[in-house]
Amino acid sequence: MLPLTDLHSQLDEALNINNSDSIFSTRYYTDLINEQRSLFIRNEYNKKRTMDPYVQQEIPCLSLELVDPHNCCVTVPIGCKILRTTKPIPNTIEFHYKKGITSVGPVIITAKRFTLIDYSRVPYIGEGRTTKNAIYAFLYDNYIYVISKDPSIQLLKSIAIRGIFEDPTALATLTNCETNQSCWTPDDPYPMNQWMWAYVKGAIMQQLMIKKQIPMDDSNNANDDGADGGGQVAAQPQTRQR
């Protein structure tokens, strides 16, 4: 896995563009990479294959707060305590059969993970003799909820979350509640395997080559007549914003 900046440089090199004077912005590159990655991952894992850890990301520590069951999204069984993350998480990739959340559990990574369920199953939890005190987690409206009939759940202050997110860079808006460091930086490896990048890069290059040949109207007169007024196109490079 390579940092996002290295993926940008590979696109510039393939287009024979000097990256200090590229006609494409880094934000545009990132949007295309995110879009194609999501498509390839969705197609790959809709086949119910094991989720590759290298396409997943972790939020190591996100704070929880106790919420009133009466204000929850679904009917909560009597006796259940429910917690919710204090901040929403970025959108996950959605598969045919489940959301893109792969695990939720204590911040201590060796501790047992919680049971992931769809929020529609919440009214029926804790009915089994062996599961009455189990801890469940579900995603609703971009928040992670943790619910259980075990009263000790109220002592839980934070959780760790792993998932496959549509925009990996969106984790930069979250901070690790233990270290106060960002959950993602541009120097972190971009969550995509090398074999997948080969396909993603090819799909992106097709779009960029088409875009590169589109005439630019810089005359600022709302007419598609070219910048020089004589039908000739004068395409000026855009300065790369970093």
* With a cut-off of at least 1 residues that are free of Cβ contacts under 8 Å to residues at least 60 places away in the same chain, name the strands (runs of 3 or more DSSP E) lying wholly within the stretch 64-176. => 101-105, 136-140, 143-148
* To do: Check V76 against each of (1) crowded, with 19+ Cβ neighbours inside 10 Å; (2) at pLDDT 90 or above; (3) of a type outside the set (G, A, S) and name the one condition it does not meet.
  => (2)
* What residue, among those in the stretch 177-197 that are polar (S, T, N, Q) and in contact (Cβ under 8 Å) with a residue 60 or more places away in the chain, is farthest from I82 (Cα to Cα)? -> Q194
* Asked: Restricting attention to the stretch 198-220, does a residue exist that is aromatic (F, W, Y), out of contact with any Phe, Trp or Tyr (no Cβ under 8 Å at 6 or more places or on another chain) and at pLDDT 75 or above?
  -> no
* Within the stretch 17-34, identify whether any single residue is under 23 Å from the mean Cα position of the chain (by Cα) and either under 27 Å from I159 (Cα atoms) or in the same structural domain as L155 (by TED's automatic domain parsing) (or both), and answer yes or no. => yes
* Any chance the stretch 124-139 includes a residue that's within 15 Å of L64 (Cα to Cα), in contact with a Phe, Trp or Tyr (Cβ under 7 Å, 6 or more places away or on another chain) and surrounded by fewer than 18 Cβ atoms within 10 Å (Cβ to Cβ)? -> no
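The values are calculated or read from the model by the stated rules, or taken from the named source; none is laboratory data. None of these values were measured; they are calculated from a predicted model. FYI the Cβ positions are ideal-geometry reconstructions off the backbone, even for glycines, and counts take in every protein chain you see.
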